[in-house]
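These notes are about the structure you will find just below.
The values are calculated or read from the model by the stated rules, or taken from the named source; none is laboratory data. A quick note: this is a predicted structure, and the numbers were derived from the prediction, not measured. For neighbour counting, all protein chains shown are included, and Cβ atoms are generated from backbone atoms with ideal geometry for every residue, glycine included. SASA here: full protein model, heavy atoms, side chains in, ligands and nucleic acids out. Shrake-Rupley method; radii C 1.70, N 1.55, O 1.52, S 1.80 Å.
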Amino acid sequence: MSELEQLRQEAEQLRNQIRDARKACNDSSLSQITAGLDSVGRIQMRTRRTLRGHLAKIYAMQWATDSRLLVSASQDGKLIIWDSYSTNKIHAIPLRSSWVMTCAYAPSGSYAACGGLDNICSIYSLKTREGNVRVTRELSGHTGYLSCCRFLDDSQIVTSSGDTTCALWDIETGQQTTTFTGHTGDVMSLSLSPDSRTFVSGACDASSKLWDIRDGMCRQSFTGHVSDINAVIFFPNGNAFTTGSDDATCRLFDLRADQELMMYSHDNINCGITSVAFSKSGRLLLAGYDDFNCNVWDTLKGERAGVLAGHDNRVSCLGISSDGMALATGSWDSFLRIWN
Amino acid sequence: MVSKMSSKMVGSNNLAHARRMVQQLRVEASIERIKVSKASADLMRYCGEHAKYDPLLMGIPASENPFKDKKPCIIL
């Protein structure tokens with residue numbers, strides 16, 4: 001037997017081993033364990049603020065850690081920093097490339113980042129001595145579009161790309177410290193763990209992966225979705241995460257059980273999910289859809305608890321503030337809405 | 001969304017790739033797993049313990065809502 005053939009056989013054996021180990025742990029289901037739990041009841045939220053100002057589709061947003069400011073990116077070629085309480089625009093930053101697909105706010109509030117079809121992650125300093133906003137770094141190296149970026153801190157950022165890789169960058173030097181390879185399709189989204197030691201990625205190969213930020217290794221891979229994964233978010237305690245996909249389902253995966261625990265779907269829902277977020281306790285799962293709505297799911301029972309209608313086009317992004325007080329949604333209709 | 005330009009399949013039939021694949025599968029096969037019943041119970045407990053700190057779940061009284069409806073201003 002050739003070495004190639006031996007390796008193929010060993011790979012097959014290992015896949016079976018993983019499948020059997022997961023099965024052996026599959027002694028119950030999240031639905032069964034929560035069967036006696038009270039439902040969350042009907043969750044209704046109202047639009048409290050509408051943020052108007054973008055002139056084209058909004059593709060991404062992220063709250064600042066102060067739960068008041070947020071950044072949004074639109075293919076009108078602007079990054080806008082908003083004060084969500086007053087709806088005032090703090091900064092309107094013209095981008096070198098208007099084909100933006102993602103944006104991020106540094107935890108310190110001092111930087112924002114964005115990128116897209118230019119394959120570059122641009123870092124903007126929001127607190128320059130002169131009082132203006134300017135590009136301080138352009139992180140280039142990806143050979144495909146930038147789909148998502150998230151700051152670890154003021155000097156490190158993690159990116160995901162259409163080139164199938166993710167990367168950890170040293171912003172000061174502009175170099176990739178670590179490259180995360182393994183996906184076989186465009187990586188669309190990433191989420192940092194609460195302890196910042198790992199992150200999960202979701203890709204067009206329908207799989208999601210857990211990565212160790214320090215050593216670059218993929219620790220776990222999860223399958224189940226039958227189409228592109230567009231969004232991924234960690235559960236608040238870091239032991240689970242949820243994905244949203246073009247297959248019209250969201251799925252909850254547990255890291256320690258190493259398998260899918262719940263699927264969030266409905267016969268009436270036939271369109272893709274673009275974005276996902278958890279409420280502060282994790283009990284509510286918010287998901288943005290191509291059909292212009294946002295659905296609120298009971299994470300533990302798998303039931304739909306509410307619908308947020310209001311946008312006139314696809315909900316492309318959403319996020320919950322760190323104090324848990326508000327949900328922000330961004331849409332192709334060019335508006336952001338703040339709900340609670 | 002702008003069309004996702006799919007990249008070429010990375011997999012190929014060469015030896016180096018097969019070795020990497022087996023190495024990766026060994027890593028993933030070797031992890032310790034817990035039962036679904038325990039994982040589920042832990043998630044349920046976490047949600048229960050943190051429910052009272054979850055404004056979107058509990059509802060927010062108007063007096064505490066930083067986003068409560070802005071009252072219209074009247075010019076006197």
Overall form of segment A:175-253 per C-alpha gyration tensor (a/c, 1.5; a/b vs b/c)
oblate
Which order do you get for A:Y124, B:Y46 if you rank them by accessible area with a 1.4 Å probe, largest at the top?
B:Y46, A:Y124
Largest first, what is the accessible-area ranking of B:M44, A:M263 with a 1.4 Å probe?
A:M263, B:M44
Sum of -39500 (n - 2.57) over DSSP H runs of 4+, divided by residues of chain A (222 nm, nearest 500):
-2500 deg cm²/dmol
Note, A:R214: beta-carbon cut-off 15 Å, +1 each Lys/Arg, -1 each Asp/Glu, net -3
What accessible area per residue, rounded to a whole number of Å², is obtained for chain A using a probe radius of 1.4 Å?
38
Step through the residues of segment A:308-315 one at a time and calculate ³J(HN,Hα) from phi using the Karplus curve (6.51 cos²θ - 1.76 cosθ + 1.60, θ = phi - 60°), rounding each to whole Hz and writing x for Gly and Pro.
10, 10, x, 7, 9, 7, 3, 7
If you average the sequence gap of Cα pairs under 8 Å that are 6 or more apart and divide by the length of segment A:40-339, what percent do you get for the contact order?
15
Estimated inter-spin distance, A:H91 and A:K127, nm [label 7 Å along Cα→Cβ]
1.1
Given a 1.4 Å probe and heavy atoms of the protein chains only, how would you sort B:K52, B:K35, A:K78, largest accessible area at the top?
B:K52, B:K35, A:K78
Work out how much length B:L15 to B:A29 would gain on full extension: take 0.36 nm times their residue separation and subtract the Cα-Cα distance, in nm to one decimal.
3.0 nm
For A:R8 and A:A309, FRET efficiency with R0 = 51 Å and r from the beta-carbon atoms, rounded to 0.05?
0.50
Determine how large the accessible area of A:I120 is when every protein chain is in place; take a 1.4 Å probe and give Å² rounded to the nearest 10.
40
Just the number: Rg to Rh for chain A, Cα atoms, Kirkwood Rh, two decimals.
0.98
Rounded to whole Å, give me the distance from the Cα center of segment A:103-149 to that of segment A:252-274.
31
Below 20 Å, Cα to Cα, which aspartates and glutamates can B:K52 reach? Residues fewer than 8 away in the same chain don't count.
A:D38, A:D298, A:D323, B:D42, B:E64
Mean-position separation - Cα centroids, segment B:18-54 and segment A:29-74, in angstrom:
25
Using a 1.4 angstrom probe and counting only protein chains, how large is the accessible area of A:D76 in Å², to 10?
40
Within the set A:K57/A:K78; A:K209/A:K280; A:K209/B:K38; A:K23/B:K38; A:K89/A:K280, which residue pairs have Cα atoms separated by over 18 Å?
A:K209/A:K280; A:K209/B:K38; A:K89/A:K280
Output the lone cysteines of chain A: those with no second cysteine's C-beta under 4.7 Å from their C-beta.
A:C25, A:C121, A:C148, A:C149, A:C166, A:C204, A:C218, A:C250, A:C271, A:C294, A:C317
Between the modelled labels at A:N16 and A:N270 (7 Å from Cα along Cα→Cβ) the distance in nm is 4.0
Heavy atoms of A:Y111: accessible area, 1.4 Å probe, square angstrom to 10:
60
Over 19 Å apart: what share of the alpha carbon pairs of segment A:239-326 falls there, rounded to a whole percent?
34
